[in-house]
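Everything below concerns the one structure shown next.
The values are calculated or read from the model by the stated rules, or taken from the named source; none is laboratory data. Just so it is clear, the model here is predicted, and its values are computed rather than measured. No Cβ is skipped: glycine too gets one built from the backbone with ideal geometry, and neighbour counts run over all protein chains shown.
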């Protein structure tokens, strides 16, 4: 089964157009930027965040410059961090029985 996105902002580096829609909203984007960035990163191929973030920043002319103190500015700051290789939250769960299995032993 393949996934088909209907957003006109959809691209390989922005599946579903999530980032493009938030950037188009500008100061009206309510955030939180971290949630949007996580949803975006989960739609990308594993390890593709840095290249995709860099491409989005170039496309929207946001590679550098001052950022507003609002959720949209926070989103751009996080994209810049991802593009620089700063990484995003790792995929997968932390904890669970695998994280606790050593506790019963000691």
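Being farther than 18 Å from residue 77 by Cβ and loosely packed, with under 13 Cβ neighbours inside 10 Å is the filter here; which residues of region 9-27 pass it?
Of everything in region 9-27, just one residue is farther than 18 Å from residue 77 by Cβ and loosely packed, with under 13 Cβ neighbours inside 10 Å, namely 12.
Here's a check for you: in region 28-67, which residue that is over 23 Å from residue 4 (Cβ atoms) and modelled with pLDDT under 90 is surrounded by the most Cβ atoms within 10 Å (Cβ to Cβ)?
31
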